[in-house]
Every structure is written in C-alpha cells, then in structure tokens.
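S.K.: Dropping a structure here in structure tokens format, bear with me for questions.
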Amino acid sequence: VQLQASGGGLVQAGGSLRLSCEASGSRFSITEMGWYRQTQGKERELVAILDSRNRSDYAESVRGRFVISRDSATYTLYLQMNSLKLEDTAVYYCNVKDLFRRIYWGQGTLVTVSS
C-alpha cells in the first residue's frame, strides 16, 4: 500500500484545513486508517482513527474540532480540522493497517497554525 498525503499549509488560529490521504496499491486489504502527528522532539501521537466498521476515535486534544472520514470508493482518507490552535502545528501522517496487520505510513504533510 502506498499513501499520498496532501492538504497541509499555513493557517491562522481559529481557521480550518482539510487533509487528504489517497491510498494506492493493495487497497482492498486496508482495514484501519488513521492520522498521527509529530512535532520536533516529541513522539508521534495518534490524532484520529477510523476502523473497518467506520467507527472513529479521537485524541482528547482534538475531539470536537477534528473529523476523520473516508471515501471507500477512492480509498481516500480525510481529516477536517476546525478551530485550529497553535498547538495543532505539526507534521501530520496518515497511517493504515491491513488484513495482515502490516502498517503503512504516508510521507507527512506540514500544518502550521499561526497567531
């Protein structure tokens, strides 16, 4: 599975961005999809996750502001980010797991929230 993430950029605090992550390759084997983020000097952390039954879960820090979704026809994962805060600044990575529990990562897309 190959993942291509896009949609990052510079946004003012309070604004919105939508990230996309398109999967290609052996997409039929994808079960779980999610978004993670990482800032310099910190470990990568889970932002939001969507399982094969479309059940979602969010980090407490983004709950109520971010929405994860996917287009099953195109195997594209989205992350709608609203009410962005300075602390949301990070490199965002999409992640998928397949039927064989293998994990794949996208290349990362930078989100910068300015005051």
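The values are calculated or read from the model by the stated rules, or taken from the named source; none is laboratory data. Here the structure is a predicted model, which is why all the values come from computation and not from measurement. Positions of Cβ are generated from backbone atoms using ideal geometry, with glycine treated the same way; all protein chains shown enter the neighbour counts. Accessible surface areas use protein heavy atoms only, side chains included; no ligands, DNA or RNA. Shrake-Rupley method; radii C 1.70, N 1.55, O 1.52, S 1.80 Å.
S.K.: Can you pull out the residues in the stretch 62-94 that are within 19 Å of Gln12 (Cβ to Cβ) and of a type in the set (Gly, Ala, Ser)?
M.R.: Of everything in the stretch 62-94, those that are within 19 Å of Gln12 (Cβ to Cβ) and of a type in the set (Gly, Ala, Ser) turn out to be Ser83, Ala90.
S.K.: Can you tell me which residues in the stretch 60-94 are surrounded by fewer than 12 Cβ atoms within 10 Å (Cβ to Cβ) and assigned to a strand (DSSP E or B)?
M.R.: Within the stretch 60-94, just Asp71 meets the criteria.
S.K.: Let me ask something else about it. Anything in the stretch 1-25 that is open to solvent by 60 Å² or more (accessible area, probe 1.4 Å) and either outside any strand (DSSP E or B) or out of contact with any strand residue (DSSP E or B) (no Cβ under 6 Å at 6 or more places or on another chain) (or both)? List them, or say none.
M.R.: If the condition is that a residue be open to solvent by 60 Å² or more (accessible area, probe 1.4 Å) and either outside any strand (DSSP E or B) or out of contact with any strand residue (DSSP E or B) (no Cβ under 6 Å at 6 or more places or on another chain) (or both), then Ser16 is the only one that fits.
S.K.: Could you list, in sequence order, the residues of the stretch 64-96 that are aliphatic (A, V, I, L, M), more than 13 Å from Cys21 (Cα to Cα) and in contact with a Lys or Arg (Cβ under 6 Å, 6 or more places away or on another chain)?
M.R.: Result: Ala90, single match.
S.K.: Return the residues of the stretch 95-108 that are open to solvent by 80 Å² or more (accessible area, probe 1.4 Å), in contact with a strand residue (DSSP E or B) (Cβ under 8 Å, 6 or more places away or on another chain) and among the aromatic types (Phe, Trp, Tyr); say none if nothing qualifies.
M.R.: Trp105
S.K.: Does Arg37 satisfy the criteria of being among the charged types (D, E, K, R), in contact with a strand residue (DSSP E or B) (Cβ under 8 Å, 6 or more places away or on another chain) and open to solvent by 70 Å² or more (accessible area, probe 1.4 Å)?
M.R.: On the way: among the charged types (D, E, K, R): yes; in contact with a strand residue (DSSP E or B) (Cβ under 8 Å, 6 or more places away or on another chain): yes; open to solvent by 70 Å² or more (accessible area, probe 1.4 Å): no.
Criteria not met by Arg37.
S.K.: Looking at (1) open to solvent by less than 60 Å² (accessible area, probe 1.4 Å); (2) modelled with pLDDT of 95 or more; (3) in contact with a Lys or Arg (Cβ under 7 Å, 6 or more places away or on another chain); (4) not hydroxyl-bearing (Ser, Thr, Tyr), which one does Glu45 not meet, given that it meets all the others?
M.R.: Glu45 satisfies all of (1) open to solvent by less than 60 Å² (accessible area, probe 1.4 Å); (2) modelled with pLDDT of 95 or more; (3) in contact with a Lys or Arg (Cβ under 7 Å, 6 or more places away or on another chain); (4) not hydroxyl-bearing (Ser, Thr, Tyr) except (1).
S.K.: Now for a different question. Name the residue, out of Asp51, Asp57, that is modelled with pLDDT under 95, within 21 Å of Arg102 (Cα to Cα) and either surrounded by 13 or more Cβ atoms within 10 Å (Cβ to Cβ) or acidic (Asp, Glu) (or both).
M.R.: The conditions single out Asp51.
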